[in-house]
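Below is a structure I'd like to ask you about.
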Amino acid sequence: MAASPSLDPELATPAVAVRPARWFVPSLLAGLFLLMAGAQVLLTLRPAPSPRSEEEARVLELLTDPAAQRLTLKEPGADGKPVALALQDAGRRRLLVFAKKLPTLDKGRTYVFWYLRPGAGGPTPENAGAFQVAPGTGPDMVVTDATSLRDLAGVAVSEETDPRAKAPTHVRAAAAAGP
């Protein structure tokens, strides 16, 4: 027959009290280790800044710089509403064109950005490139090796069927440059 546990309280072995301090330090160290390992995993999984985010930061810097050259292009007419922005990035010799308020064009049509060069007989248009309104918040067109806005009489955007047009046919927006 198997021995049964003694019911006599005097014969029972006293229970050993677990001291909380004995487990506190190892638990604390294990918790710190897990916390540091989790932080390392998050840093590893977090993507590095992309060129796009760097470009967005540069555009934001230009937009908030009061000294940055910019022209607001408006619809033709005395009460034309603003539909585009030309923003000079002089440090990189480029011009950013934001035309989000212009409508998306039908197939076979494109927008052309024009420099209006000062001349004796009035401004002379120069085709600076064609573009479509792009989705998102980035520029719709980037003119590289751009002429300074200070050297122009103004800028314009026209709607064309030929992206290499020699003169604007249907002007959708324009802005005069100040001295």
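Give region 148-162 a look and list any residue that's outside any helix (DSSP H, G or I) and either of a type in the set (Lys, Arg) or closer than 17 Å to residue 93 by Cα (or both), or say none.
Matches in region 148-162: 148, 152, 155.
Matching residues to (1) within 21 Å of the chain's Cα centre (by Cα); (2) modelled with pLDDT of 95 or more:
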position: 131; (1), (2): yes, yes
position: 134; (1), (2): yes, no
position: 138; (1), (2): yes, no
position: 147; (1), (2): no, no
position: 160; (1), (2): no, yes
position: 163; (1), (2): no, yes
position: 177; (1), (2): no, no
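Can you find even one residue in region 56-74 that is closer than 19 Å to residue 170 by Cα, modelled with pLDDT of 90 or more and within 22 Å of the chain's Cα centre (by Cα)?
So far as region 56-74 goes, yes, one or more of its residues are closer than 19 Å to residue 170 by Cα, modelled with pLDDT of 90 or more and within 22 Å of the chain's Cα centre (by Cα).
In contact (Cβ under 8 Å) with a residue 60 or more places away in the chain, surrounded by fewer than 18 Cβ atoms within 10 Å (Cβ to Cβ) and within 18 Å of residue 89 (Cα to Cα): does that describe residue 144?
Against the criterion (in contact (Cβ under 8 Å) with a residue 60 or more places away in the chain, surrounded by fewer than 18 Cβ atoms within 10 Å (Cβ to Cβ) and within 18 Å of residue 89 (Cα to Cα)), residue 144 does not qualify.
Against the conditions (1) over 18 Å from residue 72 (Cβ atoms); (2) in contact (Cβ under 8 Å) with a residue 24 or more places away in the chain; (3) among the acidic types (Asp, Glu), where does residue 126 fall short? Just the number, please.
Failing condition for residue 126: (2).
Is it true that residue 169 is in contact (Cβ under 8 Å) with a residue 24 or more places away in the chain and either touching a Ser or Thr at 6+ places or on another chain (Cβ under 9 Å) or more than 14 Å from residue 102 (Cβ to Cβ) (or both)?
So residue 169 does not fit the description; no.
Output the residue which, of all residues in region 149-164 that are within 13 Å of residue 123 (Cβ to Cβ) and among the hydrophobic types (A, V, I, L, M, F, W, C), is surrounded by the most Cβ atoms within 10 Å (Cβ to Cβ).
155
The values are calculated or read from the model by the stated rules, or taken from the named source; none is laboratory data. Computed from a predicted structure; not experimentally measured. A quick note on method: Cβ atoms are made from the backbone with ideal geometry, for glycine too, and the neighbour counts reach across all protein chains shown.
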